[in-house]
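All remarks here apply to the structure that follows.
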Amino acid sequence: MIIEAHDIHKSFGELEVLKGVDFSADAGEVVSIMGASGAGKTTFLEILGTLSTPDSGCLTIDGTDVLRLKSRELASFRGRRIGFVFQFHHLLPEFSSLENVMIPALIAGRKTPEAKKEAGELLARVGLSDRLSHKPSELSGGEQQRVAIARALINHPAVLLADEPTGNLDSRTKEEIHRLFFDLRDSLGQTIIIVTHDPELASMCDRSLLMRDGTFVK
């Protein structure tokens, strides 16, 4: 298993958001998580991404007990082993597509020529070989999301976490991004966990889970 989560609880004040969630994902598996707003989906994804700490429970990612890591170790693990794709791309506007993709690799300590070469290869893989020097303002929404996906992959993460990755895109672009996720799974063996409201995307996944009131509905 790439991810194993057991009995995850999380509260904010008096509000119990996650109520003993169990979850696992195999290498190369694409899993969608659906549910109404407020069901706990994004909170759970943040815990899987080590951006938030559960009040109790166990979480192992790629063989590492992440809840035992100290702050600096956890930040390093997150940068190397977890990729994030959000609804809003969070690209840096002053940098080109190539530079945006390179940045996580440089932060991880990789040398510039290596990071530049791999960033170019990833942008080609997501269909943007002719957009390397373009800044985000010169790209369509779908192209920006492709850059964000390439950026998420630059450090060879064990798992890619996507939160409503096509929520802001038109129907045609949405379908292209959907296909891209599965192309990446097929070509890279990438494990992908997707929080989505889109039933079409959920139906394409290996498994689709429904979260309701802080737990998965069986």
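Taking the condition at pLDDT 90 or above, surrounded by 15 or more Cβ atoms within 10 Å (Cβ to Cβ), among the polar types (S, T, N, Q) and in contact with a Lys or Arg (Cβ under 8 Å, 6 or more places away or on another chain), does Thr43 pass? Yes: the conditions hold for Thr43. The criterion of being open to solvent by 30 Å² or more (accessible area, probe 1.4 Å) and over 22 Å from Leu180 (Cα atoms) does not hold for Pro104.
The residue that is farthest from Gly189 (Cα to Cα), among those in region 43-74 that are small (Gly, Ala, Ser) and assigned to a strand (DSSP E or B), is Ser56. Given the conditions (1) modelled with pLDDT of 95 or more; (2) of a type in the set (A, V, I, L, M); (3) not in a helix (DSSP H, G or I), which single one is not true for Leu92? Condition not satisfied by Leu92: (1). Out of all the residues in region 98-111, is one or more in contact (Cβ under 8 Å) with a residue 24 or more places away in the chain, closer than 16 Å to Asp163 by Cβ and β-branched (Val, Ile, Thr)? Within region 98-111 (the criterion being in contact (Cβ under 8 Å) with a residue 24 or more places away in the chain, closer than 16 Å to Asp163 by Cβ and β-branched (Val, Ile, Thr)), the answer is no, since none of the residues qualifies. Quick check on Phe77: is it part of a loop (DSSP other than H, G, I, E, B) and among the hydrophobic types (A, V, I, L, M, F, W, C)? Judged against the criteria, Phe77 is not a match.
Scanning region 201-218 for residues that are of a type outside the set (Asp, Glu), open to solvent by 80 Å² or more (accessible area, probe 1.4 Å) and part of a loop (DSSP other than H, G, I, E, B) yields a single hit, Lys218. Applying the selection to region 132-152, what residues are among the aliphatic types (A, V, I, L, M) and surrounded by fewer than 22 Cβ atoms within 10 Å (Cβ to Cβ)? Passing the criteria: Leu132, Leu139. Of the residues Gly127, Gly167, Gly141, the single one that is touching an Asp or Glu at 6+ places or on another chain (Cβ under 9 Å) and on the phi > 0 side of the Ramachandran plot is Gly127.
Checking each residue in region 59-71 for being over 12 Å from Ile2 (Cα atoms), out of contact with any Leu (no Cβ under 7 Å at 6 or more places or on another chain) and open to solvent by 60 Å² or more (accessible area, probe 1.4 Å) picks out Arg68, Lys70, Ser71.
From the list Ser129, Ser97, the one residue that fits, being small (Gly, Ala, Ser), surrounded by 19 or more Cβ atoms within 10 Å (Cβ to Cβ) and either over 18 Å from the mean Cα position of the chain (by Cα) or closer than 24 Å to Phe77 by Cα (or both), is Ser97.
The values are calculated or read from the model by the stated rules, or taken from the named source; none is laboratory data. Because the structure is predicted, anything quoted here is derived from the model rather than measured. Using ideal geometry, Cβ is built from the backbone for each residue, glycine included, and neighbour counts are taken over all protein chains shown. These accessible areas exclude ligands, DNA and RNA; they are computed on the full protein's heavy atoms, side chains included. Shrake-Rupley method; radii C 1.70, N 1.55, O 1.52, S 1.80 Å.
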